[in-house]
Each structure stands twice: as C-alpha cells, then as structure tokens.
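Before any comments, here is the structure.
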Amino acid sequence: MRLTDVFSAEAVAIRQTSDASNRMPYVGQAFWPNKKKMGIDLKWIKTHKGLGIALKPSALDSLATIRPRKGFEAITQEMPFFRESMTIKEQDLAEIQRAQESDDPYLNEVLEHIFNDADELVMGADISVERMRMNLLAPLNGDMKLTIGMADNTLYSYNYDEDGSWKSGHYMTIEGDGTWDKPTTAKPLNDFQKGTDYLSGLGVVPTYAMMTTKTLNYLVESEQIKNAFITQSGKNVDFLDKTTAKEIVARKTGLIPIINDKKFVDYDGTEKGFFPDDYVTIIGSGTLGNTWYGVTPEERTLMGDSKVDVSVLESGVAIAVQTIYGPPVQHSTTASQIVLPSYEGMDSVFVMKVK
C-alpha cells in the first residue's frame with residue numbers, strides 16, 4: 001500500500017470540513033467574516049462616523065453650497081505570510097506497511113496520528129488568525145496594532161491607529177477605587193453606560209459586551225450588580241451566580257454579554273487566552289471588517305504540479321502534500337496562509353480596561 005492511497009491534500013481538506021471538533025467557529029469570525037483576494041496587499045477604507053449634518057438653507061436662484069465629504073482614510077498594508085510543515089518519518093511509513101500486511105488494528109492508530117499532524121497545522125493557521133482578530137478587539141493598553149514574530153526573528157508590524165484618534169475616544173482605563181476588582185466601590189453599570197453613550201453618540205447601536213470569565217466574576221461580586229438584583233427581586237442576596245449577573249447587565253445596559261475563554265498555545269509553549277482578562281469590549285451591531293486571505297505561493301505556483309498535491313481549504317489556507325523519494329524518504333505536509341483582518345468598523349467598538 002502506498003501512503004498516498006490513504007493520505008492526500010484532498011483527504012485533509014475533507015476531514016477539516018467534516019470533523020465538528022475542528023470546525024467549531026471562532027468568535028472573531030462572526031465579526032470578521034472570511035474573504036479571498038488576489039495578491040498580498042490589503043487596502044481598506046476607514047471612515048470616521050458621526051452624526052448626520054442638517055442641510056444648509058439657501059436662497060432661491062442661487063448656486064448650491066458644496067458640502068465637504070466626511071473624513072476617510074485609505075490604508076494599504078502587505079499581509080503577513082504564515083507557513084509551517086510536519087514530516088512523516090520513514091519509521092511511520094514502515095509501520096503503515098507492516099500494519100497493512102498483517103491486518104493489524106494498529107493501522108488505524110497510525111493513520112489517526114498522521115491526520116492529526118495535518119489537523120494540527122490547519123488548527124495553528126486558524127489560531128494565528130483568531131489571535132489577530134482578538135488583538136484588535138481588545139488592544140492592550142489601547143494600542144491598536146498587531147506585532148507578529150517571524151521565524152528569522154524579524155517582525156510584521158501593523159498599526160491601525162497611527163494618530164491615536166481611536167484610542168483617545170474609544171478606550172477607557174478605569175483606575176483607583178473604580179476598578180472592578182473592588183466590589184464595594186466599583187460602578188460597572190456606570191462604566192458600561194459611558195461606553196454605550198459614546199457609541200450611541202456616533203450613531204452606533206451598542207449590542208455586545210465581550211469579556212472573560214475572570215472579568216465576569218468581578219460583576220458577580222459587585223455590590224452595584226447585587227443591589228440591582230435586589231431592586232428587581234426585593235430580596236437581599238449574599239451570592240449571585242454568573243447567569244444572573246449576565247442577565248442584570250443585559251437588562252440594565254441592553255448589551256448581550258459574550259464570554260470568551262478560548263485558549264491557545266503560543267510559539268514559546270505557554271498557554272494564553274485569545275481575549276485578555278480585565279478587559280471588556282462593547283461592540284456595535286454588524287461586522288467590524290473582513291478576514292482577508294491572499295493567494296499563497298503553494299496555491300499560485302504548485303496547483304497542478306504532478307509532484308505536489310495541493311488543496312485549498314474554504315478559508316484560503318493551502319495544504320501541500322509531497323513525497324520526496326530521498327534517501328531518506330520524506331512525506332511532508334505544509335500549511336500556508338496569507339491573511340490579515342481589515343478593520344473598517346473600528347469606530348463601532350469601545351474598550352474598557354477594568355483593572
């Protein structure tokens with residue numbers, strides 16, 4: 001039996017489509033849907049939203065006054081390139097042949113191990129994308145930028161707020177006795193109100209509030225939240241559960257809480273959350289931008305090459321499978337993507353650092 005009889009780029013693509021455990025959607029994709037484009041440059045338009053302007057009065061038989069257009073900014077960036085491979089060793093190939101010849105049930109375990117290698121690469125590609133989207137949704141210290149390390153120790157760097165105008169209006173740091181880890185003095189409902197009022201003043205409809213469970217626990221302990229519940233129920237409470245806390249937030253602010261505790265393992269092996277603790281992001285209705293995928297070198301130059309089996313997933317991630325007949329014999333799987341989120345709707349979010 002040849003390895004290519006059971007393992008191909010197409011098989012990986014089908015598996016990625018059908019395996020529910022790997023196809024669970026990331027939160028960010030709801031706000032940044034996937035789109036595909038040619039090339040590696042991304043150009044998007046950031047508009048400056050504001051209230052409508054009344055039409056100026058004019059005398060009859062006079063020329064119309066020219067109204068200036070609202071501000072906009074065209075942003076062009078080169079999208080980052082991601083690529084990583086995993087190799088099947090000769091020992092794995094020998095195990096497959098031995099298992100097939102002896103009808104050993106160990107064959108399924110070997111094949112599962114091989115497919116998991118491919119799954120791991122595709123999952124890593126999705127993680128890289130979600131990490132960028134969440135970095136934009138909750139920029140640390142209000143700095144709206146992405147910094148992506150490369151294998152040769154160089155960096156991709158993207159600044160979505162070069163003049164600081166977004167941070168000046170859409171980011172708030174809560175300090176002193178107001179931080180949410182101080183349950184008796186914090187006023188989280190007031191803080192929510194500041195954020196929703198600001199977005200409403202821009203014509204945005206505040207709809208969601210994203211946070212982690214750790215941040216939600218501040219609301220569970222908050223005296224202001226408990227008092228709001230007492231007002232509703234007429235009963236004193238010593239303990240408030242998470243579900244009730246979310247219901248109070250929704251009832252008092254009109255926001256739907258989204259709890260994002262999804263985690264990943266970073267390049268250095270440390271476990272991290274996509275969305276940071278101690279931050280809350282108020283999000284308006286609708287999408288915030290697009291997750292733009294470009295055409296990878298594998299898709300552009302290797303599609304149709306008889307020596308390499310290339311398949312492109314629906315998102316735009318390219319899977320290339322190749323056997324090199326050495327010696328040693330090597331069977332490699334490579335996942336690659338060119339991807340960057342645009343952020344046309346960045347003025348529709350308000351970020352609070354609550355501790």
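The values are calculated or read from the model by the stated rules, or taken from the named source; none is laboratory data. Since this is a predicted model, take the numbers as computed values, not measurements. Quick reminder, even Gly has a Cβ in these numbers, built from the backbone with ideal geometry, and neighbours come from all protein chains shown. Heads up: the accessible areas ignore ligands, DNA and RNA and are worked out on the full protein's heavy atoms, side chains in. Shrake-Rupley method; radii C 1.70, N 1.55, O 1.52, S 1.80 Å.
State the percentage of accessible surface on the stretch 204-355 attributable to carbon and sulfur atoms; use a 1.4 Å probe and exclude ligands, DNA and RNA.
Using a 1.4 Å probe with all protein chains present, the stretch 204-355 comes out at 50 percent carbon and sulfur.
Sort 196-205, 308-317 by packing, meaning the average of other beta carbons within 10 Å per residue, with the highest value first. Could the numbers behind the result be given before it?
Numbers: 196-205: 15.7, 308-317: 19.9.
Packing order, densest peptide first, comes out as 308-317, 196-205.
Suppose R0 equals 25 Å; then what is the FRET efficiency for Q29 and D181 from their Cβ-Cβ distance, rounded to the nearest 0.05?
Numbers: r = 31 Å, r/R0 = 1.25.
Calculated transfer efficiency: 0.20.
For the ranges 294-302, 141-149, what's the packing order if you count other beta-carbon atoms within 10 Å of each residue, average per peptide, and put the highest first?
Result, highest mean Cβ count within 10 Å first: 294-302, 141-149.
Report, in whole Å, the centroid distance computed from the Cα atoms of the stretch 274-321 and the stretch 151-208.
Computed from Cα coordinates, the inter-centre distance equals 28 Å.
Report the Cα-based extents of the stretch 118-273 along its three principal axes, largest first, to the nearest Å.
62, 37, 29
If you take the beta carbon distance between S168 and I258 as r and set R0 to 22 Å, what does 1/(1 + (r/R0)^6) give as a FRET efficiency, to the nearest 0.05?
The value I calculate is 0.30.
Using a 1.4 Å probe over the heavy atoms of the protein chains, calculate the carbon and sulfur portion of the accessible area of the stretch 120-171 as a whole percent.
Result for the stretch 120-171: 46 percent of the exposed heavy-atom area is carbon or sulfur.
Sum up the charges of everything whose Cβ sits under 9 Å from the Cβ of I259, counting Lys and Arg as +1 and Asp and Glu as -1, but leave I259 out.
Combined, the nearby Lys, Arg, Asp and Glu give +1.
Can you give the alpha-carbon Rg of the stretch 236-355 over 2.2 N^0.38 Å, where N counts its residues?
On the way: Rg = 22.5 Å, N = 120, 2.2 N^0.38 = 13.6 Å.
Relative to the rule-of-thumb radius for its length, the stretch 236-355 sits at 1.66.
How large is ³J(HN,Hα), in whole Hz, for each residue of the stretch 337-344 in order, when computed from phi with the Karplus curve 6.51 cos²θ - 1.76 cosθ + 1.60 and θ = phi - 60°, using x for Gly and Pro?
Each residue of the stretch 337-344 in turn: 7, 10, 7, 7, x, 8, 9, 4 Hz.
Note down the net charge around M132, summing +1 for each Lys or Arg and -1 for each Asp or Glu among other residues with Cβ under 12 Å from its Cβ.
Numbers: positive: R131, R133, K145; negative: D126, E130.
That works out to +1.
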